[in-house]
Amino acid sequence: MSIEIKNVSKRFGETEALKDVSMTFESGKIYGLLGNNGAGKSTLMNLISGRMFPTAGELLVDGERATENDRALGRLFLMSEANLFPEDMRVKTAFDWAARFYPGFDGAEAVELAERFDLNQKSKINKLSTGYGSIFKLVLALAANTPYLLLDEPVLGLDAQHREMFYKLLLEKYAANNCTVVFSTHLIYEAAYMVERAVILRKGRVLKDAPVEELTAGAFTVSGPAEIVDAYLAGRPVLNETAIGGLKTAAVEGEAGNVPESLEITGLNLQDYFIALMEKEDRV
Amino acid sequence: MEFNEGKPIFLQLAQQLEEGILSGAYPEEGQVPSITEYSVTYKINPATALKGISLLVDAGLLYKKRGVGMFVASGAREKLRGQRRERFFEDFVQSMVHEARQLGLTETELVRMVERGFDGDVD
């Protein structure tokens, strides 16, 4: 039980959105799919769910090709920017429709979730604000009860309270269904502890694919007087550095080892690690 | 609960559970929240919550009642107090003396401050 991606490339004209990507999303885990804009996150999710076709390679959901395979597709829900319903359809009607596509879709649950988010079910889909447009799609995703849940920027436009509600509902759903969750977000800080494994995409390639704990434990920040920090950094794999006056702070990969007394070592969270890693890659 | 960087989340959760046992928030023979409750409340991965709770199970502070949940073992509070007393020197005294030296405080001055602390100047 897994999503297997084998040597997948995707080209849009001159642009190569994904370059020979091979990886596996194991079932029953929460994955964070991270990357800057244009890294290939949405393309990868669209390919997995069969909304796009790869230029090369293949994608398997539980061993079956997702493209043109209704059985594989019914097991997977992709929430993305795209709205798959007629624009002037009402929210409630869309809930009724969703039940036809997803065998596990729970209409009563959708209604209850909509009420918790104060989503107006009589509203037409195209009349919803950005935030409520996201909420509408989130409600569909949570009520679909599919074994695979792909969420592309699920909290886009949501206020802080609604984001909090969503994270908790997602974890409840995960506990109840033990589904596989893959989600991309730019608000890494908020989601970091929910994620078991992070996949970091960079310019169409997989840069990292590891447990979050392993990534963050494998790096640290060091700060102190610039010249002492510089001496300490010599020969170490530095991710990024910033200086303010005579005080220098740097993110470094590896073990801290012997640290001069005047330097301070602190841990990195996933978001800081991600930013530092991207800055390092920018220099390459 | 706010987590901080530099220390694995499961360790921070385990510590918070220990504090709960020490303070009586989780009384002996009382049930502690489930993995899912911890996961949802603190927005952490259930595997992380399980790892934290397992530490206390392995230490004999929590035990599992099959099909019911996790409970605080009797004697857990005293056991924790004993462990914390043993670690008190390295957890608190050593770093205090280190800081005092950096600030140029003498042993006598430090002892006086500790006495002042016991006299109720601090809570």
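Observations
- Burial of 20 Å² or greater, the stretch A:149-182 residues [accessible area, probe 1.4 Å, versus chain by itself]: A:E164, A:K168, A:L171, A:E172, A:Y174, A:A175
- Loss of accessible area when A meets B, both sides summed, Å² nearest 100, probe 1.4 Å: 1500 Å²
- Label-to-label distance for B:T106 and A:A217 is 4.7 nm, based on points extended 7 Å past Cα in the beta-carbon direction.
- Neighbour-limited loop hits for GluC sites (Glu not before Pro), the stretch A:176-284 (at most 15 other Cβ within 10 Å; DSSP other than H, G, I, E, B): A:E255, A:E261
- Cα gyration tensor, the stretch A:1-70 - rounded (a/c under 1.5), prolate or oblate: oblate
- Accessible area per residue for the stretch A:104-155 is 37 Å², calculated with a 1.4 Å probe on protein heavy atoms, without ligands, DNA or RNA.
- Amide H contacts under 5 Å for A:M89: A:I125, A:N126, restricted to partners 5 or more places along the chain or on a different chain, H placed in the peptide plane at 1.01 Å from N.
- Largest GNM mean-square fluctuation across A:G57, A:G74, A:G254, computed for chain A with C-alpha springs under 10 Å, falls on A:G254.
- GluC sites (Glu not before Pro) lying in DSSP loop within the stretch A:60-143, provided at most 12 other Cβ fall within 10 Å: A:E68, A:E81, A:E87
- Equivalent ellipsoid semi-axes - Cα gyration tensor, chain B, angstrom: 35, 17, 12
- Proximity of backbone amide H atoms, modeled 1.01 Å from N, is registered between A:G57 and A:S9 at under 5 Å, excluding neighbours fewer than 5 places apart on the same chain.
- Note on the stretch A:2-211: dipole from Cβ charges, positive end direction compared against A:I200, A:A98, A:G133; the farthest Cα belongs to A:I200.
- Cα Rg, Dmax (largest Cα-Cα span) when computed across the stretch B:77-118, Å: 12.7, 38
- Among the listed pairs A:K137/A:K168; A:K29/B:K7; A:K92/A:K173; A:K6/A:K92; A:K137/B:K51; A:K10/B:K43, a Cα-Cα separation exceeding 28 Å is found for A:K6/A:K92; A:K137/B:K51; A:K10/B:K43.
- Where trypsin sites (Lys or Arg not before Pro) fall in DSSP loop in the stretch B:22-123, at most 10 other Cβ within 10 Å: B:R66
- At least 10 Å² of accessible area lost relative to the chain alone, listed for the stretch B:25-68 with a 1.4 Å probe: B:T36, B:S39, B:V40, B:T41, B:K43, B:I44, B:N45, B:P46, B:A47, B:T48, B:K51
- GNM result for chain A, Cα springs below 10 Å: residue of A:V199, A:V61, A:V252 fluctuating most strongly: A:V252
- Largest first, the three principal axis extents of the alpha carbons in chain A are 66, 42, 35 Å in whole numbers.
- FRET efficiency, A:K280 to A:D20 (Cβ-Cβ, R0 22 Å, nearest 0.05): 0.50
- The charge dipole of the stretch A:218-283, taken about the Cα centre with unit charges on the Cβ atoms of Lys, Arg (+1) and Asp, Glu (-1), comes to about 40 debye, rounded to the nearest 20.
- Taking 14 Å as the straight-line reach from the Cα of A:K208, the aspartates and glutamates in range (excluding those fewer than 8 positions away in the same chain) are A:E196, A:E253, A:E281.
- The stretch A:145-190 and the stretch A:10-48 have Cα centres spaced 18 Å apart.
- Efficiency of FRET between B:S23 and A:A210 - r from beta-carbon atoms, R0 35 angstrom, step 0.05: 0.45
The values are calculated or read from the model by the stated rules, or taken from the named source; none is laboratory data. Bear in mind the structure is a predicted one, so any value in this text is a computation, not a measurement. No Cβ is skipped: glycine too gets one built from the backbone with ideal geometry, and neighbour counts run over all protein chains shown. To get the accessible areas, we keep the full protein, side chains included, count just its heavy atoms, and leave off ligands, DNA and RNA. Shrake-Rupley method; radii C 1.70, N 1.55, O 1.52, S 1.80 Å.
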